[in-house]
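The next block holds one structure in the form of structure tokens; read it before the comments.
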Amino acid sequence: MVLRQTDDLGRLILRVALRDRRAFERIYAATSPRLFAVTLKIARDPSEAEDILHEAYVRIWHRAASYAPESGSAMGWLVTQTRNLAIDIVRAEPRAVGDPGPTHVGAAENGLNGGTERELIERCLASLDEDKARALRDAYILGWSYKDLADRHRTPINTMRTWLRGSLVALKRCLET
């Protein structure tokens, strides 16, 4: 999709900040090939790159109001949002996107349907410390970066990494029981 000069990416991002779905669709159409290339370069797996790209657009939708045209190009902002998310996801262990891991497989093998599995996950999340459960949800459902999580919880980034890793281990143990 080629954008007219009067309808550039920066203006579209500002319209997305106002929750303009049509503007969001136009951004997606104009930028998805380039942003997919960014995720593919980092993830190196097409399926995982597609998952990350989806999460990147969710992040863009939620963070459009933070775009400041005077700080740089709109495409630069979109690439930065996407690249940072891709790096966070690829660095996270276990993989947050594209690798459901043993907990999902174990639940399927136990014959749990979607509703029961969801209830089990919610019960296990409820067993975690409230702040750690919130950080886990924000990281793996909303795609927040370690920095954003650390800022929100007023804790160092390395502490946040430890929280997430420990919470994932506790969540996995709970789901396997």
Check: Given (1) at positive phi; (2) modelled with pLDDT of 80 or more, where does PRO156 come up short, assuming only one miss?
Finding: (1)
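A quick yes/no check of all residues on (1) closer than 26 Å to LEU53 by Cα; (2) within 18 Å of the chain's Cα centre (by Cα):
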position	(1), (2)
ARG123	no, no
ARG137	yes, yes
TYR140	yes, yes
GLY143	yes, yes
ASN158	yes, no
THR162	yes, no
ARG165	yes, yes
LEU168	yes, yes
Check: Among LEU40, LEU18, LEU53, which is at pLDDT 90 or above, buried (at least 17 other Cβ atoms within 10 Å of the Cβ) and more than 21 Å from ASP138 (Cβ to Cβ)?
Finding: LEU40
Notebook entry, point to check: Of the numbered conditions (1) modelled with pLDDT under 70; (2) more than 14 Å from GLU176 (Cα to Cα); (3) among the small types (Gly, Ala, Ser), GLY76 satisfies every one except a single condition; which is it?
Noted result: (1)
Item checked: Yes/no for GLU93 being at pLDDT below 85, among the acidic types (Asp, Glu) and out of contact with any Ser or Thr (no Cβ under 7 Å at 6 or more places or on another chain) -> yes
Next item on the list: Please specify each residue of the stretch 65-80 satisfying the condition of being under 11 Å from ILE13 (Cβ atoms), part of a helix (DSSP H, G or I) and of a type in the set (A, V, I, L, M, F, W, C).
Entry: ALA65, ALA74, MET75, TRP77, LEU78
Notebook entry, point to check: Which of the residues spanning the stretch 56-90 are open to solvent by 70 Å² or more (accessible area, probe 1.4 Å) and not basic (Lys, Arg)?
Noted result: HIS62, ALA65, SER66, GLU70, SER71, SER73
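Residue-by-condition table, conditions (1) in contact with a Cys (Cβ under 8 Å, 6 or more places away or on another chain); (2) assigned to a helix (DSSP H, G or I); (3) modelled with pLDDT of 85 or more:
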site	(1), (2), (3)
ALA133	no, yes, yes
TRP144	no, no, no
LEU149	no, yes, yes
ARG152	no, yes, yes
LEU171	yes, yes, no
Notebook entry, point to check: Would you pick out the residues in the stretch 21-37 that are of a type in the set (Lys, Arg) and surrounded by fewer than 18 Cβ atoms within 10 Å (Cβ to Cβ)?
Noted result: ARG21, ARG22, ARG34
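The values are calculated or read from the model by the stated rules, or taken from the named source; none is laboratory data. None of the values given here were measured: they were computed from a predicted structure. Glycine also receives a Cβ, built like all others from the backbone with ideal geometry; neighbour counts cover every protein chain displayed. Only protein heavy atoms, including side chains, enter the accessible area calculation; ligands, DNA and RNA are left aside. Shrake-Rupley method; radii C 1.70, N 1.55, O 1.52, S 1.80 Å.
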